[in-house]
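Asker: So that we are looking at the same thing, I have put the structure below in structure tokens.
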Amino acid sequence: MLGDMKIIALCITRIYDDRCVDMIGALNEEIVAHGGRLLIFSTVSDLFFGTHAEQGEAKIFDLMNYSMIDAVIVYDESIKNKDVLASIISRTKDAGKPVYFIGQSRDDCVNFNFDYKNGFKFVIRHVIKEHNIRSLHMIAGVKGNEFSEERIECFKETLLENNIPFYENMISYGNFWERPTEKAVKKLIDENRVPRALICANDTMALSAALTLKKAGIKIPEDVIVTGFDGIVEASFNDPKITTCLCSYEDIAKQIVSVIFDVFDGKETQKEYLTEPKLILSESCGCRKDESGSVCEYISSITKRFNRFQEEDKCLNRISLKIQNCTDISEIGRIIDDQSLMYDMAVVVKDEFMNPALNPMRVYSNTTFGETVHVIYKSESNSESRTRITEFPVKELYHDFENFIRQLKAPFVFNSMSYINMTFGYICYFYRDFFKDNYVKTMQITMTLSNALSGFRAARYQRYLLEHIEESYRHDAMTGLYNRSGFMQIFPEFKRSCGGIITAVLADLDDLKHINDTYGHDEGDVAIRAVAQALDNSCPKGSICIRFGGDEMFAVVKGRVDDEIRTKINNWLAEFNRKSGKPYKVSASVGIYTTDSDDADFEMLVRKSDQLMYNEKIAKKIKR
């Protein structure tokens, strides 16, 4: 609950499917009418195959924040992965929230479903009683499927109640799809067993059966009556239009929302609710000439939608390529903002997405989304706000969510973005109006941004590796100073920037052999690093320091410098010795050479400064 507003979550897949959009529209209208709001957690696929990609998609259901959600509706028919269904229900029940289940009855939920059994019998009874048909054949779904088997039993029972004998050869299987149905009907034709009525277990098979019969010159309904079931939109635009039974989402949505708010009000409710389908009589049984829609108009709308899909797909492909070529996250928001397809949405990523050093092939969060997430794009009127990266707690789902959800009456939709099985963020769609084509478009946008941001992240990580591999070749591993190879790459440009005067400084560790022999090579390494740090910290900004020998550190400095560098090196090492607690003292002999010769190269600078350093080393030994 947000304040006094009840929040209902719907778990569903494939919201771009017309039937799912109808379900969402009907539920949202009823929930808003009761003063609540609808949040939709959805995946692009139906999760049937359980692939790595689908596992990543399914993580969106882990995003649900039960501290703000008052009830959860689960649409069983659209979510094909039973493990995902069980996980959603288990976590919701553990959070103490009720689950309203659309589908097959479960003991741990309040269940809603269409009365498919009586609905299917309505169709068969109509054919038998109103049309006096006694020669019937059924095209069932998949053999062994619970829905198919239930409808076969309905067929048998309806025949029995009308004293029509049943034989096993009165059943064929169309697997709920077109090609198997076509094959089954052709077999009936070839065997001269075409019945007077063909009862199909769904509309898709009825459409295929009608087309197959027409191609064979068999008239509908004059020679054969064909019926379907489900009431899909294509049945109304077929020639002939199909007699079917409509499962109305508007009716079931009203019933679900009414029960949910009755529970909120403390009223008594049932565990099981059935919504009765509506018999739709049409041309394929010869009852009436249905004028509910024009075939030409329907084909025209489908053609326009397909053409629009192609154009949008090309546009999204261009956006994807631009995103993958970005070098910084801040550029992504500007690319999304600079087009018209992506609006009323926010693109949200996990913490690890923000870090270019993290391998995108590894999972870093112990939980799905961690504690915080980052909006890298959000639709707002202010262009600066649209492209600004904003961090917020993941439990809020969306930045300033409570204030924002009160402004809108259309549902919020959440889709996960994932690479293989690794979720790296999600998209929040918050369309201002319930416009069907917007929800259809979410599939394209989610897939485009998932692929584009995965590509961006992989390319960014590759650039990071290449840069660090190059750095590792240019720097000495022990001291962090440039190595000779790295120095030679940048020295020519450095020399040009010096204005003709260069100072070379060479620092050589004193008594390294004594330290190694007495205290070990690890301590010798400590002393070498100390001299390297002393040189690096004593040279002016813009100087280049390298380790070009075992204990020899060399630097080039712009312009002329005096013995202040020697003094700084000695002071730095004196402070190191004071703090280190080592049983030995670290010191260095230093040679400083300045030249204005244009012919000064690395070898000459080293040679001259090395001689001066050697002179100092000899002087130290004489003093001892």
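The values are calculated or read from the model by the stated rules, or taken from the named source; none is laboratory data. Remember, predicted model here, so these are calculated numbers, not experimental data. When we count neighbours, we look across all protein chains shown, and the Cβ atoms used for this are built from the backbone with ideal geometry, even at glycine.
Asker: Condition first: part of a helix (DSSP H, G or I), basic (K, R) and closer than 30 Å to R305 by Cβ. Now tell me which residues in the stretch 388-437 satisfy that.
Answerer: K436
Asker: When you check G96 against the structure, is it modelled with pLDDT of 95 or more, at positive phi and not hydrophobic (A, V, I, L, M, F, W, C), yes or no?
Answerer: Answer is yes for this residue.
Asker: Tell me, yes or no, whether the stretch 101-112 has at least one residue that is among the acidic types (D, E) and at pLDDT 95 or above.
Answerer: No, the conditions are met nowhere in the stretch 101-112.
Asker: Name the single residue that is farthest from R318 (Cα to Cα) among those in the stretch 435-481 being touching a helix residue (DSSP H, G or I) at 6+ places or on another chain (Cβ under 7 Å) and aromatic (F, W, Y).
Answerer: Of everything passing the filter in the stretch 435-481, Y473 is farthest from R318 (Cα to Cα).
Asker: Looking at the stretch 168-183, which of its residues are under 12 Å from L213 (Cβ atoms) and of a type in the set (G, A, S)?
Answerer: If the condition is that a residue be under 12 Å from L213 (Cβ atoms) and of a type in the set (G, A, S), then no residue fits.
Asker: Run down F487, F435, F491 and say which single residue is without any contact (Cβ under 8 Å) to a residue 12 or more places away in the chain and either of a type in the set (F, W, Y) or assigned by TED's automatic domain parsing to the domain that holds C545 (or both).
Answerer: The unique qualifying residue is F435.
Asker: Filter the stretch 597-623 down to residues that are acidic (D, E) and more than 60 Å from the chain's Cα centre (by Cα) and give me whichever is nearest to V557 (Cα to Cα).
Answerer: Per the stated criteria, the residue is D610.
Asker: What is the one condition in (1) part of a loop (DSSP other than H, G, I, E, B); (2) under 15 Å from the mean Cα position of the chain (by Cα) that H374 does not satisfy?
Answerer: With (1) part of a loop (DSSP other than H, G, I, E, B); (2) under 15 Å from the mean Cα position of the chain (by Cα) applied to H374, the lone miss is (1).
Asker: Further question: Closer than 30 Å to G35 by Cβ, over 15 Å from the mean Cα position of the chain (by Cα) and surrounded by fewer than 14 Cβ atoms within 10 Å (Cβ to Cβ): which single residue out of P393, P411 fits that description?
Answerer: P393
Asker: Quick check on my filter: what residues within the stretch 145-171 are closer than 17 Å to A184 by Cα and either modelled with pLDDT under 95 or of a type in the set (G, A, S) (or both)?
Answerer: Listed by number, the list holds a single entry, S148.
Asker: Hey, which of the helices (runs of 4 or more DSSP H) in the stretch 476-539, taking only ones fully inside, have at least 1 residues that are touching a Gly at 6+ places or on another chain (Cβ under 9 Å) and at pLDDT 95 or above?
Answerer: 512-519, 521-538
Asker: Still on this structure, I have one more. Quickly run through the stretch 399-408 and pick out the residues that are under 22 Å from the mean Cα position of the chain (by Cα) and of a type in the set (D, E).
Answerer: D400
Asker: Something else: Among the helices (runs of 4 or more DSSP H) contained in the stretch 121-230, which hold 2 or more residues that are out of contact with any Cys (no Cβ under 6 Å at 6 or more places or on another chain) and aromatic (F, W, Y)?
Answerer: Counting at least 2 such residues, we get 146-161.
Every residue, every condition in (1) free of Cβ contacts under 8 Å to residues at least 40 places away in the same chain; (2) surrounded by 14 or more Cβ atoms within 10 Å (Cβ to Cβ); (3) among the polar types (S, T, N, Q), yes or no:
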| residue | (1), (2), (3) |
| --- | --- |
| K97 | yes, yes, no |
| F114 | no, yes, no |
| F120 | no, yes, no |
| E130 | no, no, no |
| L160 | yes, no, no |
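Asker: What do you reckon, is Y173 more than 20 Å from K219 (Cβ to Cβ) and either touching a strand residue (DSSP E or B) at 6+ places or on another chain (Cβ under 7 Å) or surrounded by 16 or more Cβ atoms within 10 Å (Cβ to Cβ) (or both)?
Answerer: Yes; evaluated as a whole, the condition is true for this residue.
Asker: Now for a separate question. Would you please name the residue that is modelled with the highest pLDDT, looking only at residues in the stretch 377-387 that are surrounded by 13 or more Cβ atoms within 10 Å (Cβ to Cβ) and assigned to a loop (DSSP other than H, G, I, E, B)?
Answerer: Checked the stretch 377-387; the qualifying residue modelled with the highest pLDDT is S379.
Asker: Being in contact with a Leu (Cβ under 8 Å, 6 or more places away or on another chain) and either over 26 Å from K117 (Cα atoms) or assigned by TED's automatic domain parsing to the domain that holds Y75 (or both), is that true of even one residue in the stretch 192-211?
Answerer: Checking the stretch 192-211: not a single residue is in contact with a Leu (Cβ under 8 Å, 6 or more places away or on another chain) and either over 26 Å from K117 (Cα atoms) or assigned by TED's automatic domain parsing to the domain that holds Y75 (or both).
Asker: Residue by residue through the stretch 78-95, note down the ones that are surrounded by fewer than 18 Cβ atoms within 10 Å (Cβ to Cβ) and of a type outside the set (A, V, I, L, M, F, W, C).
Answerer: Selection gives K80, K82, D83, S87, S90, R91, K93, D94.
Asker: Turning to a different aspect of this structure: Quickly run through the stretch 335-345 and pick out the residues that are aliphatic (A, V, I, L, M) and either free of Cβ contacts under 8 Å to residues at least 12 places away in the same chain or out of contact with any Ser or Thr (no Cβ under 7 Å at 6 or more places or on another chain) (or both).
Answerer: I335, I336, L341, M342
Asker: For the stretch 540-566, what are the residues that are closer than 14 Å to S609 by Cα and in a helix (DSSP H, G or I)?
Answerer: The answer is I565, R566.
Asker: Residues in the stretch 603-624 that are surrounded by 12 or more Cβ atoms within 10 Å (Cβ to Cβ) and among the β-branched types (V, I, T): how many?
Answerer: Selection size over the stretch 603-624: 1.
Asker: From the list E297, E250, E283, pick out the single residue that is surrounded by fewer than 21 Cβ atoms within 10 Å (Cβ to Cβ) and touching a strand residue (DSSP E or B) at 6+ places or on another chain (Cβ under 8 Å).
Answerer: Among E297, E250, E283, only E283 is surrounded by fewer than 21 Cβ atoms within 10 Å (Cβ to Cβ) and touching a strand residue (DSSP E or B) at 6+ places or on another chain (Cβ under 8 Å).
Conditions (1) buried (at least 19 other Cβ atoms within 10 Å of the Cβ); (2) touching a helix residue (DSSP H, G or I) at 6+ places or on another chain (Cβ under 8 Å); (3) at pLDDT below 95, marked per residue:
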| residue | (1), (2), (3) |
| --- | --- |
| D562 | no, no, yes |
| I569 | yes, yes, no |
| A574 | no, no, no |
| N577 | no, no, no |
| G581 | no, no, yes |
| V586 | yes, yes, no |
| S589 | yes, yes, no |
| D596 | no, no, yes |
| D601 | no, no, yes |
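Asker: Now for a separate question. Does V259 satisfy being surrounded by fewer than 16 Cβ atoms within 10 Å (Cβ to Cβ), of a type in the set (A, V, I, L, M, F, W, C) and farther than 30 Å from S450 by Cβ?
Answerer: For V259, the condition - surrounded by fewer than 16 Cβ atoms within 10 Å (Cβ to Cβ), of a type in the set (A, V, I, L, M, F, W, C) and farther than 30 Å from S450 by Cβ - is not met.
Rundown of residues vs (1) closer than 30 Å to N132 by Cβ; (2) among the basic types (K, R); (3) assigned to a helix (DSSP H, G or I), yes/no style:
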site: R305; (1), (2), (3): no, yes, yes
site: Q310; (1), (2), (3): no, no, yes
site: S320; (1), (2), (3): no, no, yes
site: I336; (1), (2), (3): no, no, yes
site: A357; (1), (2), (3): no, no, no
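Asker: Please indicate, with yes or no, whether at least one residue in the stretch 255-262 is under 30 Å from A71 (Cα atoms), free of Cβ contacts under 8 Å to residues at least 24 places away in the same chain and outside the structural domain of C20 (by TED's automatic domain parsing).
Answerer: yes
Asker: When you look at K214, is it of a type in the set (D, E, K, R), surrounded by fewer than 16 Cβ atoms within 10 Å (Cβ to Cβ) and without any contact (Cβ under 8 Å) to a residue 12 or more places away in the chain, yes or no?
Answerer: yes
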